[in-house]
Amino acid sequence: MRDIGGVIVIDFIDMREESHIHAIEKVLTDALKRDKARTKMLKMSKFGTIELTRQRIRSSLRDVLFEECKLCRGTGYSKTVESLCLNAMRDIKFAIHLPQIAKIEILANPEVTNYLQNQKRRQMIEIEESYNKKINIFSTTNHEYGKIEIRFFNNKDEPVVV
């Protein structure tokens, strides 16, 4: 029973003989005394089941075999491409007003960059023309889905911290 914890129900189908029932209960009780985990056992029910509660000692099998999703942090939800791109556009619009910025680079995974280049193309061109600044979009497989890197540069192509 190693790695098993919680409520355990054992079904002894059609066991009617009283001596057999007592023998099973004794064997289980003796075996559970040697178990390191804290265990409680009820007598066999009218339906031929024995119920146990057993303390889990080790990590669950799920915890050993799987890890939390780094993207959603275990919530099961991640932002849509549209939402990610709206956040990126908001960051660009915030920084585009700064006089020291001459060029912007956006690095993201292909799904995000495709959305920016297709669905947000008109807005990107309007920003470039309105502020006379260049926006370059680079698709890279080094960036996981939810990560968008936005870099700002001055006229000398030196990084600008925003």
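Miscellaneous remarks
- Pairwise FRET efficiency - N155 versus S83, Cβ, R0 = 35 Å, nearest 0.05: 0.60
- Region 111-162, dipole about Cα centre (Lys/Arg Cβ +1, Asp/Glu Cβ -1), debye to the nearest 20: 100
- Across q = 0.10, 0.13 Å⁻¹, the chain modelled as identical point scatterers on its alpha-carbon atoms has Debye log10 I(q)/I(0) values of -0.58, -0.72, in the order of the q list.
- Span-rule helices in the chain, defined as complete DSSP H runs reaching 18 Å or more along the axis (Cα) with Kyte mean at least 1.6: none
- Between region 78-108 and region 1-65, the C-alpha centres lie 59 angstrom from each other.
- Computed Rg/Rh of region 6-65, alpha carbon atoms with Kirkwood Rh: 1.06
- Of the GluC sites (Glu not before Pro) found in region 1-51, those that fall in a DSSP loop while having at most 14 other beta-carbon atoms within 10 Å are E17.
- 37 °C / 0.692 mPa s Stokes-Einstein diffusion coefficient of region 81-160, Kirkwood radius on C-alpha pairs, µm²/s: 260
- 5 angstrom amide H check on I135, placed H, neighbours 5+ away: I104
- Hull-based mean projected area of region 46-99, where the convex hull spans the alpha carbons, in square nanometres: 8.6
A short reminder: the numbers here are calculations on the coordinates, not readings from a lab. All of these numbers come straight from a predicted model, not from anything done at the bench. All Cβ positions, even for glycine, are placed from backbone atoms using ideal geometry, and neighbour counts span all protein chains on display.
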